[in-house]
Structures are given as structure tokens and as C-alpha cells.
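Engineer: A single structure is presented below for examination.
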Amino acid sequence: MPVVDKEYMGDAWADAQPGSDPVLYGSATLSPTGAFEARSLQTFSLEYTAGRFGLDDTGSIKVVHRYSNDWGTLQTDDPTAHNYVTAHASNGSKLQLVYQDGGEQRPWYRSLRVTVRGDGLYEGDTITIVFGDRTHGSPGLKLQTFCESGFEFKVLADVCATGHFLPVMDTPVITIVPGPVAVWKAILPSLRRPGETFRLGIKAEDLWGNPTDQAAGEFTIRSSMPVEGLPGSLSYTAGSRAVVLDGLNVEEEGVLRVTLLNDNGAVVAESSPLVIQKGDIAGYWGDMHGQSGESVGINTAREYHEFARNLAFLDATGHQANDFQVNNSFWQLINELSAEYNEDGRFVVYPGYEWSGNTAVGGDRNVYFRNEGRQIRRSSHALLPDRSDLQTDANTAGQLFEDLQDEDCVVYAHVGGRYADIRQAHDPRLETAMEIHSAWGTFEWLLTDGFSLGHRSGVVCNSDGHKGRPGASYPGAASFGAYGGLTCFLAEELTRDGLFECQRRRHHYGTTGNRLHLDVRANFSGGGVLFERDPRYFSVEGQSVDEVIMGDIVQTDDAAVELSVSCVTQAPIERIDILNGSDVIETIRGFDETSPGNRIRVIWQGAEYRGRGRQTRWRGQARLVGGAIERISPINAWNHERPTELTADGCVTFDTLTTGNFGGFDAWISEGATGRLEIETDHVSGSVDLADIGLEDTVLDAGGLERRIRMFRLPDVNPCRELTRSVPLSLRSEGDNPIWVRVTTEDGFNAWSSPIFIYRHHNG
């Protein structure tokens, strides 16, 4: 059973300490042990045995669990409800139980504290804690929604009642494994050149997004184009968590879609689309930002890389642990793993870390080195007992950029618990992109804030995942309300050099986790001058061009450009917004205003504010007065225990989270309905006549940070999955025009291109 090696842990509790001797301070055992299905209902009995010191009156033990754990909230009030916990002492001492959902030292975020009230415990006396005690009718304890090879019941003891807790040795551990098949996935890359090899990844996931080894079956494989090396059938054997068909290629240009059919002829999965197109670049998918159990996530750093490559079918990844938890042994391991897993043409891995300074000193940054063996510049040593290298710290983002001047690296700004304050610090020579989506939510404002500051940054999206699933990061049942993001790198080759060049020219786009093809180009009638690097900071010669792609910096005298957008998706396209800076200047759709019928889309979105507690909980209902809602389809309702559903009396009820991203539902209304849609939530309520709901958004503003409800109509069926359009755009008369697009697909995903920075020099 893999468990995170304490040698690499960055918290003070991980090191062997005087006083943690089980002879003196006690020991703990758990029953049962073994493997248990994710989100199953279980009962565990944990027994703490007092050591030679006993456990003094008002002394306590704590059972602590990791930050990422999303199991049911422990409770002691209702013995018939889920997650009921009891405890008793063998000597009859009275025990007080307090559950705290947060506030412990990371990564042990949650704790159950058991305090002795009475005579205390003597050596050999025990405290038995029953998690999910079914004695009085509780259904049991809900386990977390994601798999973990070494889920710990970590026990701390304050045997002298001093408030100083020490870890009990030999932490009890269980394994959490996937459940039965809920959905099949077939995943292709998005852009390859004719004759260039690629792979098809096939897997089954359980209800909570875990690749499951319980899948099996005989399948027929169909493709929209001839594919060399693709078999016509597949035997998927039990015990496999994924199957990869490698070495495939297509000789002709076109759009490839692969369909998987079961032995009854029913479609179980259709792949993401692959565009085969001549050119200098291909598209490589990466999730470059996540953590493992050596810091604040779960599982080992090795398991992290294995999942990214073999179960998420990524082309690139990076491990990004919080720097104040990265001791020197772990930094060495990160470098060793990046060197081991990096393989040109197959899988690119960068060594790097997350600079995790507070917003007050600049906020979170991701640092990626081209090569191993570089000096880590931490924001602090907050959780590191070894302070011998404090002089290597960079305590502010400004200092970080100064210390990285001679390094071959790139930096992203991002929004996690802390958000990056790009007004305080930004170095365009190093900081090439803004991470505007992750499991923490969607943060377009991080990019648009930079426009007024003159920043020319690209768009990336990653997971910042803590649940051991880089590249396929589901939010589960906790406060993370978004599926993790992905970045598509438009590069000449899948190597570190190829991706570094791509990043430095901002030739990439980000999504909220879907894989689509996106091509954005600007064409100039009078020509322009392309700069490979920002000419304000680099001495570079410009190149005369008639066309540029996303991420490019170009100067022109033209008053207008022709913007070409091509998008190929797996799900139907709802809309594509074209933006100049923060302003939407045009919206294109694959249908016209005569197409929308009896389908109304209701979307709630936004956040409370920019900081750590930004989650907005949307609880409410929607009802159609003067008609009937015949059926609904939820959008981004990730938590299966808080469903968005249509009740028997025709009311839509919901209880969901947004953190800058969006959720909602589609409602198909009865033919000829002429009434009004009434919506009630904790944040805003309103009544809108159906006649006033059309193609454009009807908005109920809910305050907060871009918090609102939007309503609009869509066609009953929208077949548009490929959309190409050329749009003439007028440019501002002076300065930068950051031209970029935002794609929204009907299944609730977004994609954003990096802006084309068109600097217009007005001749007067």
C-alpha cells in the first residue's frame, strides 16, 4: 500500500520527534483495514491505547484528516444520520467530542478531538472511537469521493494536557478504491498534422470521476476517417483502469471522431475531436499545476505523474507543491521525477513549484524550469523545520522575479486560496501567462486586470488539483466547485524546448477541462509587424506579416482587421464571444434568432469576492407559471448529493456552488407556454415573462463578484459542433487591442484563446 514517505513531508509533524515513542505516548489501531469503495458507507473502530504517561484529565487525542478529504461531516448529535461518531473510554472516564472542519495545521485540516473529563487514563487504558456508528440506526460514514492509496487516520496526543499535540507513531491506513462504471470516455488529442502519430485513450469512470478497474466488455470502434493502426474492435478486460491505442495516424486532412459501441450496438462513448491539418504546429494538452500528498494533496508524487500520463492521457504536466512545504529532500525528488518521466515526443514534464506568498506580498505564482537542478526560491519556510537555507527565500513576488532573472524558466500567475496581485508585481520577461481557471473556479479578471496595466499575458488553465487526478480533476463533494482546467499548447514539437517556445510566445489556449480545437487568427489588409518577444522589454527585430495567431504581438496602421475563428468541439457550441480587452464586441453562434424554440437555459455564476472564501452557494428553485417544464438537463451539477432536479409539482430545485464559474439547467417548456419564469435564490429573485426571454441574456444581478443569473433561449436541438467564421473588427485608434475569444459549449465548458495583442500606431 503506497503511503507518502515521511522523508519528503514538509510539515513539522512528519519528522520523528522526541516524545512520539509509543511506549510513552500511546498507540492506535484501526478495524477494519483494507480497501473500501469511494463514497461507500462504512463503519470504522479506532482504538487508542495509552502509553506509560497515560492521558491526563483534560488531556486529548485528535484524529486528523487531510485538507482534500471530502468525506461526510462528522457529527455527534443525530445517531440516526450519516457520519455519526461515538467514543468511550475503557475505564469509564467521561469523553467530550468536538469536530472541527478546518483550522488544523495543514495538511491535516480537519480534526475530531476527544477530551478526557474525569480521572484520566492510565497505561493500557483505551479510547475507542467509532466512525459511522450504526448502533442506533446511522447508515454509516460516507467516505471521500476520490481514490487514495494510503488514506490516513492520523492520531495526535496531548497526554499532559498542555495543548501540545504529538503524533502517535504508525498511523492507521486504509485504501480507497473506485466504484462501478458510470461513464465511458474516449480521448483524442485536438490537432495533429497528416501522418503524425497520436494515441487514443479509453477508460471508464465511476460516478465521482475515478478511473475504475471494474470495467470490462467487447466493443466495436468506428471512426469518421480512415486511421492507420486503429483496430475495429476492442476487448476491455477487468482490472484495467485505462487502455491506450498508440501509434495511430491519419494521412488526410479532416476532423476525426471515434465512436465506441458495446456488444448491443449502443454508443457508449464518442471521442473528443481531432483536427488533422497541415501546418507548422500541433496541439498538446497539459495540466501543469497540481499537488500530491507530500504537500497538501493526496497520494505520492510518483502516482501523480502516472495518473497524468496513463489515466488522463496528457501530453505534459508539472508538479506544483506549495513552496513552504517543500523541504530539500522533496525538491530533489520533484527534480528526479521530472527527469525520469520527461520523454521527448511522448510526455513533457517540467520541474517546478508553487511560490505561495500571501496576496499582500504578491500572491501565488507557478514557476517552471526548463532543466533540473535549479535553486528553489521559497516565499517562506512556514512549515519547514530546517531553516538552514533561509537566505535562498524570496519573500515577495518582486524579489522572486529579481532572483529568477538569470534562470531559464517561465512563470504563471494564478488564483488559489491566495490570489496573485499582478498590480504589485509582474515581469513580462518571465510571467508569460495568467491561469484564469482551475478547480478553484474561473477568474477572467486576473487577465483583464492586466490590460489596463499594459500587460501582454497569455491564457492558461490547470486543475491546481489536490485529489490526485491531474488532467481529470473532478470537484467531488467539497468546497471546490469546478472541474479542473487544461491548456492546449500550440507547438512545433512535444519537447521542453518546443513547449517553452510556445509559452514564451503565448501560443496556447485554456479550457475548463474539455478538449476542443480552437484556431484564432488576425489578417491585415495593410500588413503588420510581428514581434516574437515584447519589443518593450526585448531588443528584437519585427517581421512583416499579413496574418498572426493567438498570443502574437503585432503592430499595424490598419484601422480594422479580419478575425478568423475556427472551433471544433465534442458538445454543441452555445456561443463564441469575441472580446477586445474586457469588452465583448461580437457574439457568434451556429444558429440564428429564428432557431431558438422551447428550450430555456438558466445560468447562475460568479463569486463572493476575490479571496479565499469566494464560494457562492446557490440554493433555490425555479417555477414556470402559465405553462409546464417538461424536462430539464442540469449543467455543471458536479456534486451528485446536491442534485438539480425537477420535482413532481413542476418545480426545479437546486443547491450548487460557483466560484467564478457557472452552473444551471436547461428547461424544455410546453409548446405554446405564455406565462413567466419565477426564480428564487438566497442572493436574488425575480419573475421574467417568457416573451422577454430570447437569444440574448436576460440578467438578474446578484451583487458580489460578477454574481448573476442569466436566462436565454436555445434551439431544442443544436447540431453545431464545428463553427468557422471571419469577422471584421475595428481597432482602437491608439495603443493595445487585446483581441481574444471565449467559447461556451452546451455541456457547460468554456475555452479561451490567448489574446492577439494588436498595437495600433495612429498616423494622425
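Engineer: R0 = 45 Å: FRET efficiency of D246 with E630, Cβ-based, nearest 0.05? Working shown, then result.
Structural biologist: Working: r = 45 Å, r/R0 = 1.01.
About 0.50, to the nearest 0.05.
Engineer: For segment 350-435, what does the alpha-carbon gyration tensor say about shape, rounded, prolate or oblate, given a ≥ b ≥ c as the root eigenvalues, a/c under 1.5 as rounded, and a/b over b/c as prolate? Walk me through the numbers before you get to the answer.
Structural biologist: Working: a/c = 1.61, a/b = 1.12, b/c = 1.44.
Oblate, because a/c is 1.5 or more while a/b does not exceed b/c.
Engineer: Ranking request for peptides 242-253, 492-503: highest mean number of other beta-carbon atoms within 10 Å first, then the rest in descending order.
Structural biologist: Numbers: 242-253: 15.5, 492-503: 19.4.
Top of the packing list down: 492-503, 242-253.
Engineer: Just the Cα atoms of segment 699-739, one point each, no solvent: what log10 I(q)/I(0) does Debye give at q = 0.27, 0.32, 0.34 Å⁻¹?
Structural biologist: -0.88, -1.11, -1.21
Engineer: Counting other Cβ atoms within 10 Å, keep those with at most 15, restrict to DSSP loop, and tell me which chymotrypsin sites (Phe, Trp or Tyr not before Pro) in segment 121-162 are left. Walk me through the intermediate numbers first.
Structural biologist: Values: sites: Y122, F131, F146, F151, F153; in loops: Y122, F146, F153.
Loop-located and lightly packed - Y122.
Engineer: With unit charges on the beta carbon (Lys/Arg positive, Asp/Glu negative), name the residue among W618, T594, P755 whose Cα is farthest towards the positive pole of the charge dipole of the chain.
Structural biologist: Final value for the positive-end residue is W618.
Engineer: Still on this structure: For segment 557-648, what does the alpha-carbon gyration tensor say about shape, rounded, prolate or oblate, given a ≥ b ≥ c as the root eigenvalues, a/c under 1.5 as rounded, and a/b over b/c as prolate? Don't skip to the answer; put the middle values down first.
Structural biologist: On the way: a/c = 2.44, a/b = 1.45, b/c = 1.69.
Since a/c reaches 1.5 but b/c is at least a/b, the shape of segment 557-648 is classed as oblate.
Engineer: Here's a follow-up. Pop a pseudo-label 7 angstrom from the Cα along the beta-carbon direction at both V545 and R106 and give the gap in nm to one decimal.
Structural biologist: 3.9
Engineer: Just going by the charge dipole of the chain, with Lys and Arg at +1 and Asp and Glu at -1 on Cβ, which of A667, Y236, A472 is farthest out on the positive end?
Structural biologist: A667
Engineer: For the pair D344 and S235, what calculated FRET efficiency results from E = 1/(1 + (r/R0)^6), where r is the Cβ-Cβ distance and R0 = 30 Å, to the nearest 0.05? Numbers along the way, then the final one.
Structural biologist: On the way: r = 32 Å, r/R0 = 1.06.
Efficiency at R0 = 30 Å is approximately 0.40.
Engineer: What trypsin sites (Lys or Arg not before Pro) in segment 404-436 are in a loop by DSSP, with at most 14 other Cβ atoms within 10 Å of the Cβ? Display every interim value, and only then the final one.
Structural biologist: Values: sites: R418, R423, R429; in loops: R418, R423, R429.
In loop regions of segment 404-436 (DSSP not H, G, I, E or B), the sparsely surrounded trypsin sites (Lys or Arg not before Pro) are R423.
Engineer: For a quick check of your reading of the filter: which GluC sites (Glu not before Pro) in segment 667-764 sit in a DSSP loop and have no more than 14 other Cβ atoms within 10 Å?
Structural biologist: Numbers: sites: E671, E678, E680, E696, E706, E722, E734, E746; in loops: E671, E696, E734, E746.
Sites meeting the loop and neighbour criteria: E671, E696, E734.
Engineer: Let me know the number of lysine pairs in the chain closer than 26 Å at the Cα, not counting same-chain pairs under 8 apart.
Structural biologist: 15
Engineer: Which number do you get for Rg(Cα) / (2.2 N^0.38 Å) in segment 397-510? Display every interim value, and only then the final one.
Structural biologist: Details: Rg = 14.5 Å, N = 114, 2.2 N^0.38 = 13.3 Å.
It is 1.09.
Engineer: Could you give the size of the charge dipole of segment 315-388 about its Cα centre, using +1 on the Cβ of each K and R and -1 on the Cβ of each D and E, expressed in debye and rounded to the nearest 20?
Structural biologist: Values: 7 positive and 10 negative charges, 72 e Å.
That gives segment 315-388 a dipole magnitude of about 340 debye.
Engineer: Taking the C-alpha atoms of segment 6-177, how large are the radius of gyration and the largest Cα-Cα span, Dmax, in Å?
Structural biologist: Every Cα atom of segment 6-177 included, Rg and Dmax give 15.3, 43 Å.
Engineer: Would any residue of segment 491-518 have its amide N under 19 Å from a label point 7 Å out along Cα→Cβ of N371? List them or say none.
Structural biologist: 495-502, 504
Engineer: To the nearest 20 debye, what charge dipole does segment 564-695 have about its Cα centre, counting +1 at the Cβ of each Lys and Arg and -1 at the Cβ of each Asp and Glu? Show your work: numbers first, answer last.
Structural biologist: On the way: 13 positive and 19 negative charges, 100 e Å.
Dipole size: approximately 480 debye.
Engineer: Let me ask something else about it. Could you state the principal axis extents of the C-alpha atoms in segment 282-513, from the largest down, to the nearest angstrom?
Structural biologist: Dimensions of segment 282-513 along the principal axes of its Cα atoms: 42, 39, 39 Å.
Engineer: What number, in nm² with one decimal, is the all-direction average of the projected area of the convex hull of the alpha-carbon atoms of the chain? Please report the intermediate quantities before stating the final value.
Structural biologist: Numbers: hull surface 137.3 nm².
Here the figure is 34.3 nm², rounded to one decimal.
Engineer: Measure off 7 Å from each Cα along the Cα-to-Cβ vector at E306 and V255, then give the distance between these two points in nanometres to one decimal.
Structural biologist: Placing both labels 7 Å along Cα→Cβ, they lie 3.8 nm apart.
Engineer: Kirkwood hydrodynamic radius for segment 543-600: how many Å is it when counted over pairs of different Cα atoms? Don't skip to the end; give the middle numbers.
Structural biologist: Details: mean 1/r = 0.0681 Å⁻¹.
Mean inverse Cα-Cα distance, inverted, gives 14.7 Å.
Engineer: How big is segment 599-714 by Rg and Dmax over its Cα atoms, in Å?
Structural biologist: Values for segment 599-714 (Cα only, Rg and Dmax): 13.6, 46 Å.
Engineer: Computed over the Cα atoms, what is the radius of gyration of segment 329-400 divided by 2.2 N^0.38 Å, N being its residue count?
Structural biologist: Working: Rg = 13.6 Å, N = 72, 2.2 N^0.38 = 11.2 Å.
Normalised Rg, Cα atoms only: 1.21.
Engineer: Given segment 659-764 reduced to its alpha-carbon atoms as identical point scatterers, what log10 I(q)/I(0) does the Debye formula return at q = 0.12, 0.20 Å⁻¹?
Structural biologist: Rounded to two decimals, the profile gives -0.66, -1.21.
Engineer: Using the 10 angstrom Cβ neighbour count as an exposure proxy, how do L646, L731 rank, fewest first?
Structural biologist: Numbers: L646 18, L731 21.
Neighbour counts put them in this order, fewest first: L646, L731.
Engineer: Based on Cβ point charges of +1 for Lys and Arg and -1 for Asp and Glu, what charge dipole magnitude is obtained for segment 282-513 about its Cα centre, in debye rounded to the nearest 20? Please list the in-between numbers first.
Structural biologist: Numbers: 19 positive and 32 negative charges, 98 e Å.
Charge dipole of segment 282-513: 480 debye, to the nearest 20.
Engineer: Take the Cβ-Cβ distance between R617 and N91 as r, set R0 to 41 Å, and report the resulting FRET efficiency rounded to the nearest 0.05. Mind dumping the intermediate values first?
Structural biologist: Details: r = 44 Å, r/R0 = 1.07.
After rounding, the FRET efficiency stands at 0.40.
Engineer: Given C-alpha coordinates of segment 183-276, what is the ratio Rg to Rh with the Kirkwood estimate of Rh?
Structural biologist: Values: Rg = 13.1 Å, Rh = 13.5 Å.
Value, to two decimals: 0.97.
Engineer: Next question, about the same structure. Between T681, S292, N322, whose Cα lies farthest towards the positive end of the dipole of the chain when Lys and Arg beta carbons carry +1 and Asp and Glu beta carbons carry -1, centred on the Cα centre?
Structural biologist: Result: T681, furthest along the dipole toward the positive end.
Engineer: For T644, T135, which order do you get if you count the other beta carbons within 10 Å of each Cβ and list the fewest first?
Structural biologist: T135, T644
Engineer: 222 nm [θ] for the chain, helices only, -39500 (n - 2.57) per DSSP H run of 4+, per residue, to 500?
Structural biologist: Values: 6 runs with 48 residues, N = 764.
Here the helix-only value at 222 nm equals -1500 deg cm²/dmol.
Engineer: Whole angstrom only: what separates the Cα centroid of segment 70-137 from the Cα centroid of segment 651-691?
Structural biologist: Cα centres, segment 70-137 to segment 651-691: 42 Å.
Engineer: While we're here: On a full-extension model of 0.36 nm per residue, what is the gain between E402 and T126, subtracting their alpha-carbon distance, rounded to one decimal in nm? All intermediate terms of the calculation are to be shown ahead of the outcome.
Structural biologist: Values: separation 276, 0.36 × 276 = 99.36 nm, distance 5.58 nm.
Separation in residues times 0.36 nm, less the Cα-Cα distance, equals 93.8 nm.
No value in this document is a laboratory result; all are computed from the given coordinates. Please read these numbers as outputs of a predicted model, since none were measured by experiment. Heads up, the Cβs are rebuilt from the backbone with ideal geometry, glycines too, and the neighbour counts pull from every protein chain shown.
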